[in-house]
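*Asks:* Questions regarding the structure given below will be posed in turn.
The values are calculated or read from the model by the stated rules, or taken from the named source; none is laboratory data. This is a predicted model, so every value here is computed, not measured. Reconstructed Cβ throughout: ideal geometry from the backbone, glycine too, with neighbour counts over all protein chains shown. For the accessible areas, the whole protein counts, side chains as well, though only heavy atoms, and no ligand, DNA or RNA atoms are used. Shrake-Rupley method; radii C 1.70, N 1.55, O 1.52, S 1.80 Å.
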Amino acid sequence: MEQSEFALSEREFTRIRERLYDVAGISLSDAKRTLVIARLSRILRTRQLPSFDAYLDFLETEGSADDAQDFVNALTTNLTRFWREEHHFEHLVGYVGELMKTRLSQSQKRLRIWSAGCSTGQEPYTIALSLLAAHPDLRRWDFKILATDIDTNVIAKAATAVYPDSELNGLSLERARLFERTGDGRVRIPQPVASLVSFKPLNLMAAWPMKGPFDAIFCRNVAIYFDKATQGEMFGRLGRILAPGGFLYIGHSENLGAGGAGFRLVGKTIYQSRLERAKDAA
Ligand SMILES: C[S@@+](CC[C@H](N)C(=O)[O-])C[C@H]1O[C@@H](n2cnc3c(N)ncnc32)[C@H](O)[C@@H]1O
């Protein structure tokens, strides 16, 4: 990590932690001090501010909405990759196959999936690539994937649908073939696949403009940054926007905690919305 000319006092670290928690629900542990210094020092240098206190004062008094967003963008952790925790995509393919049979007989060719905390897009694109490869008929369906993140930088990057070809390292040949080559060391998600995904900035801690219901929600490796109370509340909200019998996929080190009442565990970090609860709520 780069050295910084700025020292971070206990008081400044507390102010930063409180601001990030209030805005994004993210709890920064003590171990994140070095990361905070490195990420925010860049902003201090650009703005020619003498200290973290001066930066926080600036945000609180004259900072614009963009400045507030830069603060959050600098402090999120966006690690992701294609086919991360791949058993989720195998489960989704099977579930959507079953759902297509039922909906076909009911002439309801509609499928909605939400990738909540999508980072640079690998997760929603993996959903789209996996489902179209397994179920080509989905091209004729009303099929949409909503992909959201609080970090506006990652959303902008995701929307380009272009990645360095090193992103394909470790993928099978069969999966690597699903990408287009740009000819300059990068790969692109083919347009018919990319067009299924809409990227939007969205803070999971704020109001959600969409109503749902979603047939499946991926919210993986997002809640690890929240405290238990925030996690429970958020998973409870996700349960209420999921269709009856729909699935919620979470990260391998996460659990639903107090938000788990409306779900049953059906596989490793895969939860199904309990039909009875959904019926009660309707
Ligand atoms: C580690 S990435 C996980 C990406 C992907 N879901 C995966 O599992 O590979 C976590 C993402 O959650 C986002 N995030 C953190 N707090 C958030 C919030 N309050 N609302 C929406 N997104 C948030 C971060 O910006 C980051 O991109």
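*Asks:* Could you check Met234 against (1) within 12 Å of the ligand (Cβ to nearest atom); (2) over 14 Å from the mean Cα position of the chain (by Cα); (3) touching a residue at least 40 places away in the same chain (Cβ under 8 Å) and say which number it fails?
*Replies:* (2)
*Asks:* Related question: Would you tally the residues in the range 23-32 being within 16 Å of Glu12 (Cβ to Cβ) and modelled with pLDDT of 95 or more?
*Replies:* Looking only at that region, the number is 1.
*Asks:* Applying the selection to the range 211-224, what residues are touching a strand residue (DSSP E or B) at 6+ places or on another chain (Cβ under 8 Å) and within 14 Å of the ligand (Cβ to nearest atom)? Break it down stepwise before answering.
*Replies:* Step one: filter the range 211-224 for residues touching a strand residue (DSSP E or B) at 6+ places or on another chain (Cβ under 8 Å), giving 212-220, 222-223.
Within the range 211-224, Ala216, Ile217, Phe218, Cys219, Arg220, Val222, Ala223 qualify.
*Asks:* Moving on to the next point. Quick test for you: out of Glu10, Glu86, Glu90, Glu5, pick the one residue that is surrounded by fewer than 17 Cβ atoms within 10 Å (Cβ to Cβ), farther than 30 Å from Asp165 by Cβ and modelled with pLDDT of 95 or more.
*Replies:* Working: Glu86 fails: farther than 30 Å from Asp165 by Cβ; Glu90 fails: farther than 30 Å from Asp165 by Cβ; Glu5 fails: modelled with pLDDT of 95 or more.
Unique residue meeting the criteria: Glu10.
*Asks:* While we're looking at this one, here's another question. From the residues in the range 13-48 that are farther than 25 Å from Ala116 by Cβ and crowded, with 19+ Cβ neighbours inside 10 Å, which one is nearest to the ligand (Cβ to nearest atom)? If you could, list the steps in order and put the result at the bottom.
*Replies:* Kept after step one, since they are farther than 25 Å from Ala116 by Cβ, are these residues of the range 13-48: 13-15, 30-31, 33-34, 37-38, 40-48.
Checking the rest, the ones that are also crowded, with 19+ Cβ neighbours inside 10 Å come to 37, 40-41, 44.
Working: Ile37: 19, Leu40: 16, Ser41: 20, Leu44: 21 Å.
Looking at the filtered set, the residue picked out is Leu40.
*Asks:* Inspect the range 111-119 for any residue being of a type in the set (Ser, Thr, Tyr), under 24 Å from Gly239 (Cβ atoms) and within 16 Å of the ligand (Cβ to nearest atom) and give the result as yes or no.
*Replies:* Our first condition is that a residue be of a type in the set (Ser, Thr, Tyr); within the range 111-119, this holds for 115, 119.
Keeping just the survivors that are under 24 Å from Gly239 (Cβ atoms) gives 115, 119.
Within this subset, residues satisfying the condition of being within 16 Å of the ligand (Cβ to nearest atom) are 115, 119.
Yes, the conditions are met somewhere in the range 111-119.
*Asks:* Of the conditions (1) within 7 Å of the ligand (Cβ to nearest atom); (2) open to solvent by 10 Å² or more (accessible area, probe 1.4 Å), Gly97 satisfies every one except a single condition; which number is it?
*Replies:* It is condition (1) that Gly97 fails.
*Asks:* If only one of Leu242, Leu196 is outside the structural domain of Val23 (by TED's automatic domain parsing), in contact (Cβ under 8 Å) with a residue 40 or more places away in the chain and either within 9 Å of the ligand (Cβ to nearest atom) or in contact with a strand residue (DSSP E or B) (Cβ under 7 Å, 6 or more places away or on another chain) (or both), which one is it?
*Replies:* Details: Leu242 fails: in contact (Cβ under 8 Å) with a residue 40 or more places away in the chain.
Unique residue meeting the criteria: Leu196.
*Asks:* Quick check on my filter: what residues within the range 162-184 are at pLDDT 95 or above, over 17 Å from Thr80 (Cβ atoms) and small (Gly, Ala, Ser)?
*Replies:* Correct list: Ser172, Ala176.
*Asks:* Give Ala207, Ala223, Ala261 a once-over and let me know the one that is open to solvent by 20 Å² or more (accessible area, probe 1.4 Å) and in contact (Cβ under 8 Å) with a residue 24 or more places away in the chain. Please lay out each step first, then the result.
*Replies:* On the way: Ala207 fails: in contact (Cβ under 8 Å) with a residue 24 or more places away in the chain; Ala223 fails: open to solvent by 20 Å² or more (accessible area, probe 1.4 Å).
So the residue among Ala207, Ala223, Ala261 that is open to solvent by 20 Å² or more (accessible area, probe 1.4 Å) and in contact (Cβ under 8 Å) with a residue 24 or more places away in the chain is Ala261.
*Asks:* While we're here: List every residue pair whose Cβ atoms lie under 8 Å apart, where the two residues are 6 or more positions apart in sequence or sit on different chains, the first residue falls within the range 49-61 and is modelled with pLDDT under 95, and the second residue, located anywhere, is among the basic types (Lys, Arg) and not in a helix (DSSP H, G or I).
*Replies:* From residues that are modelled with pLDDT under 95, there are no pairs.
*Asks:* If you take the residues of the range 159-184 that are of a type in the set (A, V, I, L, M) and not in a helix (DSSP H, G or I), which of them is most open to solvent (accessible area, probe 1.4 Å)? Walk me through how you get there before you give the answer.
*Replies:* Within the range 159-184, the first condition is being of a type in the set (A, V, I, L, M), and the residues that meet it are 159, 161-162, 168, 171, 173, 176, 178.
Filter once more, keeping what is not in a helix (DSSP H, G or I): 161-162, 171, 178.
Details: Ala161: 7, Val162: 37, Leu171: 36, Leu178: 54 Å².
Checked the range 159-184; the qualifying residue most open to solvent (accessible area, probe 1.4 Å) is Leu178.
*Asks:* Same structure again: Out of everything in the range 106-158 that is among the acidic types (Asp, Glu) and over 22 Å from the mean Cα position of the chain (by Cα), what residue ends up being least open to solvent (accessible area, probe 1.4 Å)? Show your work before the answer.
*Replies:* Within the range 106-158, the first condition is being among the acidic types (Asp, Glu), and the residues that meet it are 123, 137, 142, 149, 151.
The next check asks that each one be over 22 Å from the mean Cα position of the chain (by Cα); those that pass are 137, 142.
Working: Asp137: 82, Asp142: 61 Å².
Once the filter is applied, the top-ranked residue is Asp142.
*Asks:* Within the range 128-156, take every residue that is aliphatic (A, V, I, L, M) and under 9 Å from Leu196 (Cβ atoms) and give me the one that is farthest from the ligand (Cβ to nearest atom). If you could, list the steps in order and put the result at the bottom.
*Replies:* Here is the first cut: in the range 128-156, the ones aliphatic (A, V, I, L, M) are 128-129, 131-134, 138, 145-147, 150, 154-156.
Those left that are additionally under 9 Å from Leu196 (Cβ atoms): 128, 131-132, 138, 145.
On the way: Ala128: 14, Leu131: 17, Leu132: 20, Leu138: 22, Ile145: 13 Å.
Looking at the filtered set, the residue picked out is Leu138.
*Asks:* Out of the range 64-83, which residues are surrounded by fewer than 15 Cβ atoms within 10 Å (Cβ to Cβ) and among the small types (Gly, Ala, Ser)?
*Replies:* Ser64, Ala65, Ala68 - these are the residues of the range 64-83 that are surrounded by fewer than 15 Cβ atoms within 10 Å (Cβ to Cβ) and among the small types (Gly, Ala, Ser).
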